[in-house]
Number of protein chains: 2
Amino acid sequence: MAVKSTNITEVAHRIDIQARWQANGHRGAVLWFTGLSGAGKTTLALELENRLFNKGFNVYVLDGDNVRHGLSSDLGFSHSDRTENIRRIGEVAALFADAGAIVITAFISPYQSDREQARQAYPEGFREIFIDADLEVCERRDPKGLYEKARKGEIPDFTGISAPYEAPSNPDLTVDSGDLTVDESLQILMDYVEETFVLK
Amino acid sequence: MAVKSTNITEVAHRIDIQARWQANGHRGAVLWFTGLSGAGKTTLALELENRLFNKGFNVYVLDGDNVRHGLSSDLGFSHSDRTENIRRIGEVAALFADAGAIVITAFISPYQSDREQARQAYPEGFREIFIDADLEVCERRDPKGLYEKARKGEIPDFTGISAPYEAPSNPDLTVDSGDLTVDESLQILMDYVEETFVLK
């Protein structure tokens with residue numbers, strides 16, 4: 001018995017990341033969407049996911065819907081909780097990218113330093129993508145009525161109203177979602193992904 | 001401009017999980033390995049990952065190496081920190097399964113209640129797999145010299161020595177890694193995955 005079981009402790013190896021990329025036809029990546037509430041992050045993320053999936057990409061979206069009720073259910077919206085939330089998402093996104101996926105994250109992520117920390121979790125494939133609609137446009141859209149509530153003081157620490165948004169100083173890509181249609185924005189994103197992450 | 005951008009808030013849809021399963025040829029799943037240090041969890045997880053990947057599965061391993069330095073870098077080994085660590089891993093594993101992957105987790109996860117909580121994050125595809133080698137076998141192997149250190153009191157809260165291990169009361173699968181060879185253990189695991197998660 002003892003002899004048979006000794007080899008259980010042999011060192012096993014992880015799958016080579018190149019083999020994962022070859023299997024998928026593209027590299028792993030973190031497409032980190034940042035922008036105000038109402039800028040279109042989630043809509044664009046989910047539509048981009050659909051288009052990439054239909055082209056055979058290994059792709060997944062992390063957003064408030066699947067993170068805030070689970071992984072970050074213990075966190076609120078204070079500065080320190082937001083920072084911890086973004087830190088965890090950065091680490092999870094890095095795991096997905098390490099598994100070969102293109103992961104799209106759709107979170108306001110208002111602090112530059114938090115986004116920089118997220119980049120450090122997967123520096124080789126992290127791209128900061130500014131979904132850029134200004135406050136006036138977002139507040140006019142107000143799809144969930146959140147700005148109205150925030151203006152009334154019913155939502156504390158609301159980004160753009162009662163909490164700061166630090167726009168990216170040097171984003172890898174900017175999508176002018178305040179002026180472009182969804183289709184136009186998606187075309188920019190699709191072109192970017194195909195140029196940047198598809199294996200030649 | 002305002003007209004063009006109004007449709008950004010249309011509801012976008014997530015990819016249907018059935019479409020992900022079809023693309024992969026298998027369902028998403030969480031294979032939750034539990035067992036003592038030295039029982040062979042990581043070795044079997046990584047070897048299983050290799051074999052499944054080579055058969056075209058979308059598969060990924062979460063273990064101490066890629067979780068403890070990142071997502072759970074703020075946590076230690078106290079009971080409450082272990083519980084929070086396992087909670088996070090359960091949530092991340094559920095995200096991977098939701099993305100269509102078979103994710104294998106290799107953590108001691110000594111508390112039954114923690115494992116039950118992890119199951120709740122993805123009940124439909126969670127399987128508790130007991131990597132079963134008893135303390136005597138694991139301590140004799142002691143691949144990393146941890147038991148020796150724990151016996152000397154150099155590692156506090158070491159499972160099996162100075163912290164409890166609650167063996168699964170009703171695991172979905174038991175692999176008798178104390179008696180079986182690595183190859184025999186892997187064959188059991190491969191058969192289980194293929195029978196349970198491959199689409200007919």
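Couple of notes before you dig in:
- Of all residues making up segment A:109-143, the number that are in contact with a Gly (Cβ under 7 Å, 6 or more places away or on another chain) and either under 23 Å from residue A:188 (Cα atoms) or among the hydrophobic types (A, V, I, L, M, F, W, C) (or both): 12
- Among the residues of segment A:160-174, those identified as buried (at least 17 other Cβ atoms within 10 Å of the Cβ) and either part of a loop (DSSP other than H, G, I, E, B) or at pLDDT below 95 (or both) are A:160, A:161, A:163, A:165, A:168, A:171.
- Out of A:153, A:145, sole residue that is free of Cβ contacts under 8 Å to residues at least 24 places away in the same chain, within 12 Å of residue A:38 (Cβ to Cβ), loosely packed, with under 14 Cβ neighbours inside 10 Å and not aliphatic (A, V, I, L, M): A:145
- Residue match in segment B:42-56 (condition: within 9 Å of chain A (Cβ to nearest Cβ), without any contact (Cβ under 8 Å) to a residue 24 or more places away in the chain and under 24 Å from residue A:65 (Cα atoms)): no
- Exactly one residue out of B:62, B:71 is of a type in the set (A, V, I, L, M, F, W, C) and touching a residue at least 24 places away in the same chain (Cβ under 8 Å), and it is B:62.
- Restricting attention to segment A:71-87, the residues that are surrounded by 24 or more Cβ atoms within 10 Å (Cβ to Cβ) and more than 7 Å from chain B (Cβ to nearest Cβ) add up to 1.
- Filtering B:51, B:68, B:27, B:20 for residues that are of a type in the set (Lys, Arg) and either within 26 Å of residue A:75 (Cα to Cα) or buried (at least 24 other Cβ atoms within 10 Å of the Cβ) (or both) leaves a single hit, B:68.
- Scanning segment B:61-92 for residues that are in contact with a strand residue (DSSP E or B) (Cβ under 7 Å, 6 or more places away or on another chain) and of a type outside the set (A, V, I, L, M) yields one hit, B:63.
- Residue in segment A:141-149 that is closer than 28 Å to residue A:57 by Cα, of a type outside the set (A, V, I, L, M), at the interface with chain B (Cβ under 10 Å from one of its Cβ atoms) and in a helix (DSSP H, G or I) present: no
- Odd one out for residue B:114, checked against (1) under 19 Å from residue B:101 (Cβ atoms); (2) within 21 Å of the chain's Cα centre (by Cα); (3) not β-branched (Val, Ile, Thr): (1)
- Checking the stated criteria, residue B:98 turns out not to satisfy the condition of being buried (at least 18 other Cβ atoms within 10 Å of the Cβ), in contact with a Ser or Thr (Cβ under 7 Å, 6 or more places away or on another chain) and either on the phi < 0 side of the Ramachandran plot or at the interface with another protein chain (Cβ under 9 Å from one of its Cβ atoms) (or both).
- Selection from segment B:80-112 of residues that are assigned to a helix (DSSP H, G or I) and either without any contact (Cβ under 8 Å) to a residue 24 or more places away in the chain or closer than 23 Å to residue B:51 by Cβ (or both): B:80, B:81, B:84, B:85, B:88, B:89, B:92, B:93, B:95, B:96, B:97
- Test for residue B:129: is it assigned to a strand (DSSP E or B), within 30 Å of residue A:62 (Cβ to Cβ) and under 20 Å from the mean Cα position of the chain (by Cα): yes
- When residues in segment B:101-116 are screened for being under 24 Å from residue A:63 (Cα atoms), more than 9 Å from chain A (Cβ to nearest Cβ) and in contact with a helix residue (DSSP H, G or I) (Cβ under 6 Å, 6 or more places away or on another chain), 2 of them pass.
- Out of A:51, A:20, A:14, one residue alone is out of contact with any Ser or Thr (no Cβ under 8 Å at 6 or more places or on another chain), closer than 24 Å to residue A:198 by Cβ and modelled with pLDDT under 95. It is A:14.
The values are calculated or read from the model by the stated rules, or taken from the named source; none is laboratory data. Nothing here was measured: the structure is a model prediction, and the numbers come from that model. As a convention, Cβ positions derive from the backbone with ideal geometry for all residues, glycine included, and neighbour counts pool all protein chains shown.
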